[in-house]
Amino acid sequence: MAGNSQRKNRRTSNKKGPQIGSGGQRRRGLEGKGPTPPAADRKGHKKNRVAKAVAKTNTKATRRPVPRRGGKGTSEMVVGRNPVFEALRDGVPATTLYVQQYIDNDERVREALQLAGERGGIHLMEAPRPELDRMTNGLNHQGLVLQVPPYEYAHAEDLSATAFDAGEDPLIVALDGITDPRNLGAIVRSVAAFGGHGVVVPERRAAGMTAGAWKSSAGTAARTPVARVTNLTRAIEAYQKAGIAVVGLAADGETEVQELEALGGPVVIVIGSEGKGLSRLVGETCDFLVRIPMPGGAESLNAGVAAGVVLYEAAKRRA
């Protein structure tokens with residue numbers, strides 16, 4: 001009996017259960033889904049991928065190019081009656097002239113106020129002496145403080161691109177270890193005088209475009225771009241790849257500056273510091289090393305004077 005019961009249970013368990021209907025799914029699956037979309041609209045199709053790539057390219061082409069910048073310097077304060085007057089007279093950019101309340105209105109103060117008014121765009125702010133003391137960290141401001149905005153550095157590659165676009169051979173000066181802003185300003189002035197296209201300075205351990213550099217440039221910094229780079233050697237190598245010769249000025253140069261024909265073409269002139277000259281890596285990267293003959297026996301020239309001599313030779317060959 002037990003065996004019959006087990007066989008009966010097995011037969012019962014093999015019976016099919018209740019059938020569940022499709023709910024019309026099979027019928028709907030047979031219905032049409034409309035016309036097949038074009039291949040360019042079908043996701044995953046080769047023509048769809050091509051269409052997306054073309055649209056992306058067209059979008060990039062219609063974007064307006066963004067001008068490149070080499071970064072900004074830091075804002076600066078010029079303090080004292082004579083320095084403020086000289087900065088305003090020499091065209092140093094300024095945003096605000098702070099004048100101490102109840103200041104003695106002497107001739108220099110009147111001249112500074114007159115220059116600021118004539119230039120326009122400079123805000124005149126009256127401030128109590130404690131506020132000026134705080135702004136200048138206790139320096140002897142004599143009641144006048146001039147706010148100089150951060151300098152807008154150019155991009156190094158744009159200096160050569162601007163020259164090429166104008167159909168000219170680039171004439172650029174790169175500075176290696178120049179720490180005196182007055183030397184930088186004097187070199188900017190020489191570059192402008194001899195038709196150069198700009199100056200390149202390193203970001204670290206080098207002079208930047210401060211108020212002192214602006215004054216030494218005698219206003220030429222307004223039309224001569226200065227680019228700042230994080231690595232001078234890499235910037236020089238980029239110029240070389242663009243077909244520009246790199247000429248380093250060194251006391252032990254193999255060629256005298258007036259004998260180098262490369263100065264007549266696209267060239268970057270590298271000037272080192274008066275004491276140390278070119279750094280080792282920069283000197284090894286240069287295509288040529290030239291020297292300035294000095295029959296008078298002087299060991300070296302001021303960096304600004306040396307730059308002027310080489311730029312004169314380059315300008316003479318281009319005339």
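The values are calculated or read from the model by the stated rules, or taken from the named source; none is laboratory data. Predicted, not measured: the structure shown is a model, and the values here were computed from it. Here Cβ is always computed from backbone atoms with ideal geometry, including for glycine, and neighbour counts include all displayed protein chains. These accessible areas exclude ligands, DNA and RNA; they are computed on the full protein's heavy atoms, side chains included. Shrake-Rupley method; radii C 1.70, N 1.55, O 1.52, S 1.80 Å.
Given axes a ≥ b ≥ c from the Cα gyration tensor, I'd like to know whether the range 188-319 is rounded (a/c under 1.5), prolate (a/b larger than b/c) or oblate.
The shape class here is rounded.
In terms of solvent-accessible area of protein heavy atoms at a 1.4 angstrom probe, what is the ranking of 151, 312, highest value first?
312, 151
Compute the distance in nm between two label points, each set 7 Å from the Cα along the Cα-to-Cβ direction, one at residue 119 and one at residue 222.
0.9
So what's Rg/Rh here for the range 102-206, counting alpha carbon atoms and using the Kirkwood radius for Rh?
Across the range 102-206, the Cα-based Rg/Rh ratio is 1.12.
What is the distance in Å between the Cα centres of the range 168-238 and the range 250-281?
16
Pull up all non-local amide H partners of residue 270: gap of 5 or more, or a different chain, and H-to-H distance under 5 Å with H placed in the peptide plane.
The answer is 174, 247, 248, 249.
Rounded to the nearest 0.05, what FRET efficiency do residue 205 and residue 108 have when you use their Cβ-Cβ distance and R0 = 41 Å?
So the FRET efficiency works out to roughly 0.70.
Tabulate in residue order the Karplus-calculated ³J(HN,Hα) for the range 145-162, using 6.51 cos²θ - 1.76 cosθ + 1.60 with θ = phi - 60°, rounded to whole Hz; enter x for Gly and Pro.
My calculation for the range 145-162 gives 9, 10, 8, 9, x, x, 7, 8, 6, 7, 8, 4, 5, 5, 5, 6, 4, 4 Hz in order.
Antiparallel versus total DSSP beta bridges in the range 219-319: what percent is that, nearest 5?
10
Along Cα→Cβ, 7 Å out, is where each label goes; now give me the distance between the ones at residue 305 and residue 259 in nm to one decimal.
Here the answer is 2.3 nm between the modelled labels.
Hey, which aspartates and glutamates would be in cross-link range of residue 241, C-alpha to C-alpha under 13 Å, not counting anything within fewer than 8 residues on its own chain?
Reachable aspartates and glutamates: 157, 287.
Using the heavy atoms of the protein chains alone and a 1.4 angstrom probe, what is the accessible area of the range 168-269 per residue in square angstrom?
I get 40 Å² per residue for this part.
If R0 is 30 Å, what FRET efficiency do you get for residue 166 and residue 234 from their C-beta distance, rounded to 0.05?
0.75
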